[in-house]
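Q: The structure is given below, and queries will be raised subsequently.
The values are calculated or read from the model by the stated rules, or taken from the named source; none is laboratory data. None of these values were measured; they are calculated from a predicted model. In this analysis, Cβ positions are derived from the backbone assuming ideal geometry, glycine residues included, and neighbour counts consider all displayed protein chains.
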Amino acid sequence: MEQVYTREFYRWNRRLSDDSARLIATTLINMFEPRSIADVGCATGRWLRAFSDAGVARCQGFDGKWVPLDDLLIPKAWFATVDLSTEMPDATGFDLAVCLEVAEHLPCDRSQWRRSAASRKTGCRSMPRAFR
């Protein structure tokens with residue numbers, strides 16, 4: 001998978017997405033009461049940080065090698081490098097998994113397979129239709 005986002009993009013996006021991440025994290029926590037969350041395609045971890053700040057104890061993010069580790073908003077131990085175009089990370093054992101704005105970056109022959117593989121591999125509850 002090619003690098004799509006630059007360090008400047010991540011910094012710009014952080015300013016815009018903080019409020020959204022907090023609002024959606026709080027809503028999902030109220031609905032599902034997760035104790036753990038996996039974020040497939042987490043970038044710098046903005047959404048994981050929002051979940052952690054709202055009380056989720058166990059967080060794990062997955063994204064590509066192009067994510068600047070110095071810009072992570074989460075502990076480095078919470079971040080795993082993975083090429084999502086060739087492998088689906090093992091998110092087994094998490095109460096909730098999120099995957100936001102990832103499929104459009106995957107090769108066409110992989111996006112449908114990735115969505116179905118993610119739900120099988122994580123065993124997590126899926127979001128209600130209102131969040132799709």
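Q: Counting just the residues of the stretch 93-112 that are under 21 Å from ILE29 (Cβ atoms) and surrounded by fewer than 19 Cβ atoms within 10 Å (Cβ to Cβ), which one comes out modelled with the highest pLDDT?
A: Looking at the filtered set, the residue picked out is ASP95.
Q: Considering only residues that are free of Cβ contacts under 8 Å to residues at least 40 places away in the same chain and assigned to a loop (DSSP other than H, G, I, E, B), look in the stretch 74-85 and name the one that is surrounded by the fewest Cβ atoms within 10 Å (Cβ to Cβ).
A: The qualifying residue surrounded by the fewest Cβ atoms within 10 Å (Cβ to Cβ) is PRO75.
Q: May I pose another question? Checking the conditions here, which among ARG49, ARG11, ARG22, ARG15 is of a type in the set (Lys, Arg), modelled with pLDDT of 95 or more and either assigned to a loop (DSSP other than H, G, I, E, B) or farther than 16 Å from CYS99 by Cβ (or both)?
A: Among ARG49, ARG11, ARG22, ARG15, only ARG49 is of a type in the set (Lys, Arg), modelled with pLDDT of 95 or more and either assigned to a loop (DSSP other than H, G, I, E, B) or farther than 16 Å from CYS99 by Cβ (or both).
Q: Out of (1) assigned to a loop (DSSP other than H, G, I, E, B); (2) closer than 23 Å to THR6 by Cα; (3) modelled with pLDDT under 90, the odd one out for ASP90 is which?
A: Going through the list (1) assigned to a loop (DSSP other than H, G, I, E, B); (2) closer than 23 Å to THR6 by Cα; (3) modelled with pLDDT under 90, ASP90 breaks only (2).
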